[in-house]
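Below is one structure, written out as C-alpha cells; the observations come after it.
No lab work stands behind these numbers, since they all come straight from the coordinates. Quick caveat: nothing in here was measured; it's all calculated off a predicted structure. Cβ: placed from backbone, ideal geometry, glycine included. Neighbour counts: every protein chain shown.
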Amino acid sequence: MNRRGVQRFRQLAVTATGSAKIKILLFCCIAFTLLALPGWASKFMGWSNLSAPDDRLQAQGKGYAIVMNTWKRYDLLKQSIAHYASCSELDSIHIVWSEPDPPSDPLVAHLNRILQSKSRGPRQVELKFDINKEDSLNNRFKEIKDLKTDAVFSIDDDVVFPCSSVEFAFHVWQSAPDNLRDNNKYYSYGGWWSVWWTGTYSMVLSKAAFFHKKYLRLYTNEMPASLKDYITKNRNCEDIAMSFLVANATDAPPVWVKGKIFEIGSTGISSLGGHKDRRSLCINRFVAEFGRMPLVSTTVKAIDSRSSWFW
C-alpha cells in the first residue's frame, strides 16, 4: 500500500470512529433526557397521570370507600384516618366496630376534626362507624346498605399505604372490577414466601384489597352459616373466605398491585405458632363446603411503570 493509500485509510478510520462515538454520545443523551425528564415527556406526549383523579369519574361522584377493621387501637386508628383522609379519590371511611362499648364521643369528634382538616377536593370525606353487637371477624364483610361507591378498599388499621399506591390500585381495579378442581387433593396455605419463590398466587388478602361492594352483600347473605361460624370460632380465615367467594362468582384470578406498605402496629395472628397449619385447614374446609377449589392461580402483577426502573 502506497503512502497516499495509508493516509486515506487512517482518515476513514478516524471518521468512522468519530461517527461511532457521536452515535453513542447521542444515544446516551437521549436516554438521559428520557430518564431525567419523565414529567416533561408525559406532558409533551399528552400522557395522562394515572394517580391524578379522573374528571369524568369525579363528576359522577365516583370514588372508593375504605372499610377499616379495628379493635381497641385508638392511636393506630387516628394515624390511619389522618393518612387516608388526604387521598384525593376517597369518598367515605367506614370503621368496623365490634367492641363491647360504642365509640366514645371524644374519639368520634377527634376523627371528624382530622377529616375536616385533611380532606382534599370539593367533597368532604364521610366518616361512619358500623357498630356490631357480636365480636366476629365476619363483621368486616357485612353489607353496608348506604354505601355510595362501587369500589371498596378493605384494610386493617395497622397498615398504611401511600395515597399514590392506593389510587393506582383503584385504577387497576376499575379495569377489572369483578376480580379480585380436584376435591381429592389436600391444599396447603403457601404464604408470602411461596409467592416470592414461585411468582404464583391465587388470593389477595383483605388486609389491603379492593373489591366490588356487591361481595359484601354476597358474603352477608350467601356465605354458608357453617363457614361463618367456623371463622368466628377460630378467629381466622375470613380473608380466605372472601377470596373463595369472589373466585367462585367470577372464575377469575385476583390482581396483585405492587405498592409500598408501612406497618404501624404490632404483629398480629400471623406471627403466632401454627398459623400456616390453621390456614391450610381453613382452605380444605372451604373446598369441601364449596364443592370445588374455586381459586384461580395467576402470575400477573400490576406495577406503576413511572416509579419502576424495570417493567
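Which whole-Hz couplings ³J(HN,Hα) result when phi for each residue of the range 78-90 is put into the Karplus expression 6.51 cos²θ - 1.76 cosθ + 1.60, θ = phi - 60°, listed in order with x for Gly and Pro?
For the range 78-90, the Karplus curve yields 5, 4, 5, 4, 4, 6, 6, 4, 8, 6, 5, 9, 6 Hz.
Between the alpha-carbon centers of the range 132-167 and the range 247-261, tell me the distance in whole angstrom.
Taking the Cα centre of each part, the range 132-167 and the range 247-261 sit 16 Å apart.
Multiply the residue gap between Lys145 and Arg73 by 0.36 nm, knock off their C-alpha separation, and tell me the result in nm, one decimal place.
Values: separation 72, 0.36 × 72 = 25.92 nm, distance 2.61 nm.
Result: 23.3 nm gained on full extension.
Given R₀ = 51 Å, FRET efficiency for Ala109-Arg292 by Cβ-Cβ distance, to 0.05?
Between Ala109 and Arg292 the formula returns 0.55.
Stretch Asp251-Thr299 to full length: gain in nm at 0.36 nm per residue minus the Cα-Cα span? Spell out each step's value before the answer.
Working: separation 48, 0.36 × 48 = 17.28 nm, distance 1.57 nm.
Full extension of this stretch gives 15.7 nm more.
Could you check the simple spin-label distance between Asp101 and His275, using points 7 Å along Cα→Cβ, in nm with one decimal?
Here the answer is 3.0 nm between the modelled labels.
How far apart, in nanometres, would the label points at Ser308 and Ala82 be if each is projected 7 angstrom from Cα along the Cα-to-Cβ direction?
Rounded to a tenth, the inter-label distance reads 3.2 nm.
By the scheme Lys and Arg +1, Asp and Glu -1, what is the net charge of all other residues having a beta-carbon under 11 Å from that of Arg73? Show your work: numbers first, answer last.
Working: positive: Lys72, Lys78; negative: Asp75, Glu99, Asp156, Asp157, Asp158.
Overall, the nearby charge balance is -3.
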